[in-house]
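A.B. asks: Structure provided below as structure tokens; questions to follow.
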Amino acid sequence: MKGSRSRAPRGQAVVELALGTLVLVVILIVGIHFAEYGFMWVKLTETANFALFDETNRKMHDTGADTWNNYFGGAVGSNIGNLNSPVQARYKDFNGLSSVTAASTLTQVFTRGSGLTVSCKRYGGNGGGLGSGGPNLDMAAAGKVAQAAFGKAATENAGLSCQVDAKLSRFHMPNRFEFHLGYDPKVIAGTTTSPMACAAGRPSGGSCAGHGFRMLLDDWGFQGASEAGQCPLSSSGCGPNPGYYRMAQATYTAAGGSDGTAGTKFAEGVIGFSPADEQPFWMSFRGEEGFDGNPAHAFQEQHASSGDTIWPTTPYNDPNSAGIYAPAYSKNDKCFLGWKC
Amino acid sequence: MRPARGQTMVLFCLMLLVLALTVMVTLGIASRVHDRMEAQVAADAAAYSEAVLTARTFNAIALINRAQVGQMVAMAAVQSLISWTGAGYGNFVQLQTVDIPTAQAGGMCTAELTALQTALAAAQATADANFQKLDEAAGDQVRSLQGSASGLRKVQLNLLASLVSELAQSATGAVPNICPACTTHQGPLLPGVSPKNMVAKLAKGANPQLDTPPKNGDWKSVMEVESAVTLTDSSPTSDSVYATMGSIGDPFVNSRSAGSLGFSTGVKFPGFTGGSSGGGAGFGQNWPGAQKLSGAGSYAAWAHDDAGSFKFTLTCPGGSVPIVSTATAGYVYSSEEQLTDDAHVYSGSDNKPAEKRHTLGACVVCHGIWPFFLDYALSSSGSADPLGRAINDHDNLYGQPVLYAVVQRDYSKIKDDPWNLRFDFHFTSEGAEFDNGGRRAGSKVKKGESNAAFSPYTYQVALSAGLAYYHRHDHAKEPPNFFNPFWRATLIPPEIDSSNDVDLGNGGDAVRALKQAGHAQHAAALVELEKHGYAVTELSP
């Protein structure tokens, strides 16, 4: 067989290895990029979630001063600057830890996140420029009495809509690095060259506008120490809790108040004067302190002119509910939010 | 023999293919995780919004109850004025017949006495001329106040209807019935529900792919709100009556004492004292003139003035002459229109019977004159509430409504992302299937077909729960009620008021909400998680 040497396939493996490694490395790079992209993408949703629910702790109104939606400012549909700025500052580095402050660009191995923008806008129940048909407690349809109590708040149904976007781009990769495996940031981003990613929904026209997590804010509940005071029996206001009396009085007036002064006119016309005026709005709100701090007088009011007569002005021990409210309050060791007092 | 060349290349290529698919899965998983977070945030925002809207409604209801109490206080004031004026008018009448002791005056006060009698006669004439029409007008005012106060209940119901219509709408757009006394909620509430409720509105705002389940309708939220409300129409409560009695602040109305607010300050007859020897106003059957009410069985608005006399000392050059009228009492009693026991008792005569002049409106649930209002869930035994939710039921969070939001993404209806890998395979001989595609290709949910017929991966489901709760700052032990505006909103673990069901391994309200939404497989998965301690049924501060 001498002279019939066959040529050994030398070097082929190297070529195959080189080509294979090239493809392998590319796939690995893409895999890493995808993982990084996914991490940053969900961070946007986390940011929006933070922006939404951090606001539930805000003092939204002051019933004493009769100011509502204090935290928002601006018109419905406008940006809420004093919300967007701090949240954006906190999350601009894609890290929600306030103890960590980094640059506004997060550069990973093959992915760069930048331009994280928090866009929370004031959202009205009837749309407010963010689309119509939002949830709405229809105070107007319920009547002027319903509107009277909460004044301006009753017509706004305040809420907010939060969207967060950022540019998530390839890094350390050629601009025309296409794999034709179906992936390109543009696919996620939509149709434009701007690889935007959104906390809510997908971009349209390179923008995340139009979508956002929408939520109502301000339960209109009296909150804090300044709005929790008792209202001793009075027809001239309530020093410890002025908003309560004022709002209840507004409701009373809108309902027609005393419906006239015929009683007074009757006395004046027949006797010559009237010993009473039926028009004032009398109110008493007593809590567990009662009128004198005595636990036996919890929730009860005492008439100034007859010291032996006390009545519960917050439901407690009247005949129909005595078997319900009093035991619920007296024997229960749980607070009414569910935890132990 | 040919060498086995190229095998490595084939294996390598297959390996690259698998690797490439794995890379696709990386993005696919990231996409699903993002989708899941997006759905959960949308569900949380919707549940919180439900709680906000419910708290707003309850706060408005509370203020309206306070306004109603104020109007009933005003009614008591008008009744007092009617009674007092009637009693005083009676004194006038009596003075006309008083035997003025001219002999005692020795004839020295004749001129003064004559002048007094003339003045009294003139006052009597004026009073006579005014009495009938003014008394009738005052009676009208009392009846008008009852109407206004009753109208407030309509405002409360309007608010409740607005809330319920946001929580769920029927297929026809009609607001579901508000029916706390119904023995079953599903019947009237679920003729079919369109995805137009607020959860759907808010979820679609985040991403049009999100929606509420077609069978959901948030019936559970509506039921929770219903259960927190007692319509006093059929279950009268005295909370409002007692709050009213405690809010009567004018001493004249509350309990006028003898002489303290008699005629001593009267402008027509300076110097007169006396008049009513005491009186007051109130509601119900038990009052000083109870004999009038025996057998009537009616709750009424009344006011009374005890017998008192006009007293006057006539001073003249010849001496002093004490003048005292015969003691007269008076009261007014106004009951429902159907009864004719209404009365205005004084010394005089009416040209219109008191049962016409001083009656109140017709009762719907007789007997009674108290305006309807919305009260909090009051049931110690559960008899008044088909769900047994009550203020003293810790396991149900004292009846405070837990609002559920179920948001879903139906992957069979949305365009696939290019990196999604769709494959499925059987992995048990019984036919259990893994469906990574999240759907069966080309399949649609047919009418009447349960979601459960599809792979659980077809639907991405997020569940959240909000709570409207009563909390007065620094007084967290105070019971929830509809008389004070301390209703707040928060998110809450979905099984917070289902400890018994969770302990038994049956799944609580969250599981029922998922089942009702048609996601039986998700519900079953949640039950299994709860059996291993996943559910939170108790809060810690």
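A.B. asks: Go over the candidates B:Phe12, B:Phe58 one by one and state the one that is over 46 Å from the mean Cα position of the chain (by Cα) and within 9 Å of chain A (Cβ to nearest Cβ). Before you say what the answer is, go through the steps one by one.
C.D. replies: Working: B:Phe58 fails: over 46 Å from the mean Cα position of the chain (by Cα).
Answer to the check: B:Phe12.
A.B. asks: Just to verify a result, which residue in region A:46-60, among those that are within 11 Å of chain B (Cβ to nearest Cβ) and not aliphatic (A, V, I, L, M), is surrounded by the fewest Cβ atoms within 10 Å (Cβ to Cβ)?
C.D. replies: At the first step, the residues of region A:46-60 found to be within 11 Å of chain B (Cβ to nearest Cβ) are A:46-53, A:55-57, A:60.
Retained after the next criterion (residues that are not aliphatic (A, V, I, L, M)): A:46-47, A:49-50, A:53, A:55-57.
Working: A:Glu46: 16, A:Thr47: 26, A:Asn49: 21, A:Phe50: 18, A:Phe53: 17, A:Glu55: 21, A:Thr56: 18, A:Asn57: 7.
Going through the qualifying residues, I end up with A:Asn57.
A.B. asks: Give the number of residues within region B:372-388 that are away from every other protein chain (no Cβ under 11 Å) and modelled with pLDDT of 80 or more.
C.D. replies: Initial filter on region B:372-388 (away from every other protein chain (no Cβ under 11 Å)): B:372-374, B:382-383, B:385-388.
Still in the running and modelled with pLDDT of 80 or more: B:372-374.
Counting residues in region B:372-388 that are away from every other protein chain (no Cβ under 11 Å) and modelled with pLDDT of 80 or more gives 3.
A.B. asks: Please go through region A:229-240 and give me each residue that is surrounded by fewer than 20 Cβ atoms within 10 Å (Cβ to Cβ) and either under 21 Å from the mean Cα position of the chain (by Cα) or not in a strand (DSSP E or B) (or both), ordered by number.
C.D. replies: Answer for region A:229-240, where residues must be surrounded by fewer than 20 Cβ atoms within 10 Å (Cβ to Cβ) and either under 21 Å from the mean Cα position of the chain (by Cα) or not in a strand (DSSP E or B) (or both): A:Ser235, A:Ser236, A:Gly237, A:Gly239, A:Pro240.
A.B. asks: Filter region A:258-276 down to the residues that are at the interface with another protein chain (Cβ under 7 Å from one of its Cβ atoms) and part of a loop (DSSP other than H, G, I, E, B) and list them by number.
C.D. replies: First, the residues of region A:258-276 that are at the interface with another protein chain (Cβ under 7 Å from one of its Cβ atoms): A:258-260, A:262-267, A:269-276.
Listed by number, the residues that qualify are A:Ser258, A:Asp259, A:Gly260, A:Ile271, A:Gly272, A:Phe273, A:Ser274, A:Pro275, A:Ala276.
A.B. asks: If you don't mind, there's one more thing I want to ask. Please enumerate the residues belonging to region B:396-422 that are closer than 19 Å to B:Glu38 by Cα, within 11 Å of chain A (Cβ to nearest Cβ) and of a type in the set (S, T, N, Q).
C.D. replies: The one that is closer than 19 Å to B:Glu38 by Cα, within 11 Å of chain A (Cβ to nearest Cβ) and of a type in the set (S, T, N, Q): B:Asn420.
A.B. asks: Of everything in region A:229-256 that's without any contact (Cβ under 8 Å) to a residue 40 or more places away in the chain and within 7 Å of chain B (Cβ to nearest Cβ), which residue is nearest to B:Glu136 (Cα to Cα)? Talk me through it step by step, then tell me what you get.
C.D. replies: First pass over region A:229-256, keeping only residues without any contact (Cβ under 8 Å) to a residue 40 or more places away in the chain: A:229, A:237, A:239-240, A:245, A:249, A:252, A:256.
Those left that are additionally within 7 Å of chain B (Cβ to nearest Cβ): A:252, A:256.
Values: A:Tyr252: 24, A:Gly256: 19 Å.
Among those residues, the one meeting the criterion is A:Gly256.
A.B. asks: The conditions are (1) farther than 25 Å from B:Arg36 by Cα; (2) touching a Gly at 6+ places or on another chain (Cβ under 9 Å); (3) surrounded by 19 or more Cβ atoms within 10 Å (Cβ to Cβ), and A:Lys43 fails exactly one of them. Which is it?
C.D. replies: The number of the failed condition is (1).
A.B. asks: Just give me the residues in region B:464-482 being under 14 Å from A:Glu288 (Cα atoms) and not in a strand (DSSP E or B), in sequence order.
C.D. replies: Once the filter is applied, which keeps residues that are under 14 Å from A:Glu288 (Cα atoms) and not in a strand (DSSP E or B), region B:464-482 yields B:His471, B:His473, B:Asp474, B:Ala476, B:Lys477, B:Glu478, B:Pro479, B:Pro480, B:Asn481.
A.B. asks: Further, regarding this structure: Output the residue which, of all residues in region B:111-150 that are under 30 Å from A:Thr251 (Cα atoms) and more than 7 Å from chain A (Cβ to nearest Cβ), is surrounded by the most Cβ atoms within 10 Å (Cβ to Cβ). Spell out the reasoning first.
C.D. replies: First, pick out the residues of region B:111-150 that are under 30 Å from A:Thr251 (Cα atoms): B:134-150.
Next cut, more than 7 Å from chain A (Cβ to nearest Cβ) only: B:136, B:139, B:142-143, B:146-147, B:149-150.
Numbers: B:Glu136: 18, B:Gly139: 27, B:Val142: 30, B:Arg143: 21, B:Gln146: 22, B:Gly147: 15, B:Ala149: 26, B:Ser150: 18.
By that ranking, first place goes to B:Val142.
A.B. asks: Quick check: anything in region B:346-360 modelled with pLDDT of 75 or more and in contact with a Lys or Arg (Cβ under 8 Å, 6 or more places away or on another chain)? Explain how you work it out, then say what you get.
C.D. replies: Restricting attention to region B:346-360, the residues satisfying the condition of being modelled with pLDDT of 75 or more are B:346, B:355-360.
Checking which are in contact with a Lys or Arg (Cβ under 8 Å, 6 or more places away or on another chain) leaves us with B:359-360.
Yes, some residue in region B:346-360 is modelled with pLDDT of 75 or more and in contact with a Lys or Arg (Cβ under 8 Å, 6 or more places away or on another chain).
The rows are residues; the columns are (1) over 27 Å from A:Asn241 (Cα atoms); (2) of a type in the set (Gly, Ala, Ser); (3) facing another protein chain (nearest Cβ under 9 Å).
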site: B:Gly466; (1), (2), (3): yes, yes, no
site: B:His471; (1), (2), (3): no, no, yes
site: B:Asn484; (1), (2), (3): no, no, yes
site: B:Asp501; (1), (2), (3): yes, no, no
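A.B. asks: Additional query: Considering every residue within region B:389-403, establish whether at least one is aliphatic (A, V, I, L, M), at pLDDT 85 or above and surrounded by 23 or more Cβ atoms within 10 Å (Cβ to Cβ). Steps first, answer last, please.
C.D. replies: Just the residues of region B:389-403 that are aliphatic (A, V, I, L, M), to begin with: B:390-391, B:397, B:402-403.
With the extra rule that they be at pLDDT 85 or above, the set shrinks to B:402-403.
With the extra rule that they be surrounded by 23 or more Cβ atoms within 10 Å (Cβ to Cβ), the set shrinks to B:402-403.
Within region B:389-403, one or more residues are aliphatic (A, V, I, L, M), at pLDDT 85 or above and surrounded by 23 or more Cβ atoms within 10 Å (Cβ to Cβ).
The values are calculated or read from the model by the stated rules, or taken from the named source; none is laboratory data. Worth saying up front: this structure is predicted, and the values here are computed from it rather than measured. Quick reminder, even Gly has a Cβ in these numbers, built from the backbone with ideal geometry, and neighbours come from all protein chains shown.
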